[in-house]
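Inspection log for the structure reproduced underneath, given as structure tokens.
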Amino acid sequence: MENGALKWETATPGPGWGGDLLDLDAYLRRIGYGGPRRATVETLFDLHRLHKAAIPFENVDVALERGVSLHLDDIQRKLVEAGRGGYCFEHNLLFAAVLERLGFPVTRLLARVRLGRRQVRYRAHTVLAVGAGYELWLADAGFGAEGLIEPVPLYSGSVAKAGVWSWRVLREEDQWVLQTLRDGDWFDLYAFRVEQHFPADFEVSNHYTAHHDRSAFTGKVVAMRGTEDVQQTLVDHRLTTRHPGDVLERTDLTADEVVDLLRGTFAVRLPERDARLLRRRLSAPTRPSPSHSPLQEA
């Protein structure tokens, strides 16, 4: 591949990712996929769309100070068997294992979230470079509300559109940038380099994201949902909804309403014990938190 894209032969699954633990049939039932199990562009698109629609983006375990495991059997138990969701590490490591099982060349990458700002943050987001149909694609089932609904070709100037939302990939010196269209202008979401990473790299980044007091996911409840016509972000008691035309609607919620929203709109299967703990946490006095958006360190 040219322009810094990954050569497919370097994308062979390496030890430590746990792909042998994957229950592919259970995953496909979870997302509602019954199509061909072939490594085609059509399969990649179908799986990406269905994963994004079926498995929620949420940080309940982090909000309840439990942390997040990146062992594939733990991810599968949570996102597939228990009907829960997770954040980017969980989503995209699971999705990568599924794609590899189906024969796609996949490389797991770490990205620096920008959300319109060029300051250098630590690598706190996970994305995938996937080979399909003689092209390399950027796949990302775990960025939350503004994330890709379908993969986008990994070459500079490539544009993808799903419903009312658009995304663009640009080459910026030695890295790639994913942008989305906001208010008529391209807005940076994150930047990444196509290079080899190892499970230990993800463990370090995930530990910081799940535990450090400067992480945007600690000390608050976060859930996100993006469809072709609406993008919704819940942070504690505040729900922000982006409608077509970049119209924003903000709604303040009670603790009971937050739990109902998680179970309903965000489709998080919450056991009653977790619902009680969340209500208690949401009813406690508000603690100081970083001023940045949840996705600035997603």
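Taking the residues in region 158-198 that are open to solvent by 10 Å² or more (accessible area, probe 1.4 Å), assigned to a loop (DSSP other than H, G, I, E, B) and without any contact (Cβ under 8 Å) to a residue 24 or more places away in the chain as candidates, determine which candidate is farthest from Leu93 (Cα to Cα). My answer is Gly184. Of the helices (runs of 4 or more DSSP H) lying entirely inside region 43-151, the ones with 1 or more residues being aliphatic (A, V, I, L, M) and over 30 Å from Arg279 (Cβ atoms) are found at 72-76, 88-101.
Look at (1) without any contact (Cβ under 8 Å) to a residue 24 or more places away in the chain; (2) surrounded by 17 or more Cβ atoms within 10 Å (Cβ to Cβ) and you find that Pro36 fails only one, number (2).
Do we have any residue at all in region 129-138 that's in contact with a strand residue (DSSP E or B) (Cβ under 7 Å, 6 or more places away or on another chain), in contact (Cβ under 8 Å) with a residue 60 or more places away in the chain and closer than 20 Å to Arg225 by Cβ? Checked region 129-138: no residue is in contact with a strand residue (DSSP E or B) (Cβ under 7 Å, 6 or more places away or on another chain), in contact (Cβ under 8 Å) with a residue 60 or more places away in the chain and closer than 20 Å to Arg225 by Cβ. Looking only at region 69-87, which residues are within 25 Å of Tyr190 (Cα to Cα), surrounded by 20 or more Cβ atoms within 10 Å (Cβ to Cβ) and not hydrophobic (A, V, I, L, M, F, W, C)? Selection gives Gly85, Gly86, Tyr87. Taken over region 50-68, the criterion of being surrounded by fewer than 18 Cβ atoms within 10 Å (Cβ to Cβ) and over 19 Å from Asp140 (Cα atoms) is satisfied by Leu64, Glu65, Arg66, Gly67.
When restricted to residues that are surrounded by fewer than 16 Cβ atoms within 10 Å (Cβ to Cβ), under 17 Å from the mean Cα position of the chain (by Cα) and closer than 19 Å to Arg66 by Cβ, region 209-240 contains 0. Would you point out the residue of region 88-127, among those that are open to solvent by 10 Å² or more (accessible area, probe 1.4 Å) and of a type in the set (Val, Ile, Thr), that is farthest from Ala53 (Cα to Cα)? The residue in question is Val120.
Does region 248-268 contain at least one residue that is under 17 Å from Ser166 (Cα atoms), of a type in the set (Val, Ile, Thr) and open to solvent by less than 60 Å² (accessible area, probe 1.4 Å)? Within region 248-268, not a single residue is under 17 Å from Ser166 (Cα atoms), of a type in the set (Val, Ile, Thr) and open to solvent by less than 60 Å² (accessible area, probe 1.4 Å).
The values are calculated or read from the model by the stated rules, or taken from the named source; none is laboratory data. Everything numeric in this text was worked out from a predicted model, so none of it was measured. Note that we place each Cβ from the backbone using ideal geometry, even for glycine, and neighbour counts take in every protein chain shown. Surface areas here come from the heavy atoms of the whole protein model, side chains and all, with no ligands, DNA or RNA. Shrake-Rupley method; radii C 1.70, N 1.55, O 1.52, S 1.80 Å.
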